[in-house]
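Data first, discussion second: the structure below is written as structure tokens.
The values are calculated or read from the model by the stated rules, or taken from the named source; none is laboratory data. Everything numeric here is computed off the predicted structure, so don't read it as measured data. FYI the Cβ positions are ideal-geometry reconstructions off the backbone, even for glycines, and counts take in every protein chain you see. Side chains included, ligands, DNA and RNA excluded: accessible areas come from the protein's heavy atoms. Shrake-Rupley method; radii C 1.70, N 1.55, O 1.52, S 1.80 Å.
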Amino acid sequence: MPATSEVLATQLERTQWAPAVALANHVRTSTKESALAILLMGTLVAGAAVHGAATNGRSPFFQYVLAGLHGHVYTHIAASFRLRGYSTGVVTAIAVMLPYSLHARRVLRANGSLIEGPYPYVLGGVLLLPATFACHTLARVLSGRRDRQ
């Protein structure tokens, strides 16, 4: 993640657009921050998985997180296109997250418990996007990083 974040930050700085330049340093992340953020987000995903297992997949919380992770696969792919190469997480997203989310949705649909339509994706995004920012912010605080101004 640090290498990809550095490339993205550099691209933001090159735009010379004040809001993008200001955002550049916030995009940069260290290995320690990345590991902490992934651990924190993994805790949320694990909680959703436990809740999903306890409800035989019927938990709306589980299904929203599942849909959000399914949608998140495409953000990794888009980042790789934007960077015209590898971006952190794209291999795991394609090799693990995409097949799992498609399989889980097929099983839920076969069981008659899948919440269909765009609703789970919207709520998954509404849940996971702020969670992502919160995990990265908390990881930054826990790692002791202070942003340069």
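Of all residues in the stretch 50-74, those that are within 17 Å of Leu127 (Cα to Cα), open to solvent by 50 Å² or more (accessible area, probe 1.4 Å) and touching a residue at least 12 places away in the same chain (Cβ under 8 Å) total 3. Counting the residues of the stretch 5-29 that are surrounded by fewer than 16 Cβ atoms within 10 Å (Cβ to Cβ) and not in a helix (DSSP H, G or I) gives 3.
Tell me, yes or no, whether the stretch 95-112 has at least one residue that is within 23 Å of Ser5 (Cβ to Cβ) and in contact (Cβ under 8 Å) with a residue 12 or more places away in the chain. Before you say what the answer is, go through the steps one by one.
Here is the first cut: in the stretch 95-112, the ones within 23 Å of Ser5 (Cβ to Cβ) are 95-98.
Those still in the list that are in contact (Cβ under 8 Å) with a residue 12 or more places away in the chain too: 97-98.
Yes, because at least one residue in the stretch 95-112 is within 23 Å of Ser5 (Cβ to Cβ) and in contact (Cβ under 8 Å) with a residue 12 or more places away in the chain.
Put simply, of Arg106, Arg84 the only residue that is of a type outside the set (Ser, Thr, Tyr) and at pLDDT below 90 is Arg84.
Of the residues Ser34, Ser80, Ser87, which single one is farther than 23 Å from Arg109 by Cβ, in contact (Cβ under 8 Å) with a residue 60 or more places away in the chain, within 16 Å of the chain's Cα centre (by Cα) and part of a helix (DSSP H, G or I)?
On the way: Ser80 fails: in contact (Cβ under 8 Å) with a residue 60 or more places away in the chain; Ser87 fails: part of a helix (DSSP H, G or I).
Just one listed residue meets the conditions, Ser34.
Gly112 meets the stated requirement of being open to solvent by 20 Å² or more (accessible area, probe 1.4 Å), outside any helix (DSSP H, G or I) and farther than 26 Å from Arg28 by Cα. Regarding the stretch 116-136, can at least one residue be identified that is without any contact (Cβ under 8 Å) to a residue 60 or more places away in the chain, over 30 Å from Leu23 (Cβ atoms), open to solvent by less than 70 Å² (accessible area, probe 1.4 Å) and out of contact with any helix residue (DSSP H, G or I) (no Cβ under 8 Å at 6 or more places or on another chain)? For the stretch 116-136, residues without any contact (Cβ under 8 Å) to a residue 60 or more places away in the chain, over 30 Å from Leu23 (Cβ atoms), open to solvent by less than 70 Å² (accessible area, probe 1.4 Å) and out of contact with any helix residue (DSSP H, G or I) (no Cβ under 8 Å at 6 or more places or on another chain): present.
I'd like to know if the stretch 14-29 contains one or more residues that are out of contact with any Phe, Trp or Tyr (no Cβ under 6 Å at 6 or more places or on another chain), over 22 Å from Ala131 (Cα atoms) and among the β-branched types (Val, Ile, Thr). Yes: the stretch 14-29 contains one or more residues that are out of contact with any Phe, Trp or Tyr (no Cβ under 6 Å at 6 or more places or on another chain), over 22 Å from Ala131 (Cα atoms) and among the β-branched types (Val, Ile, Thr).
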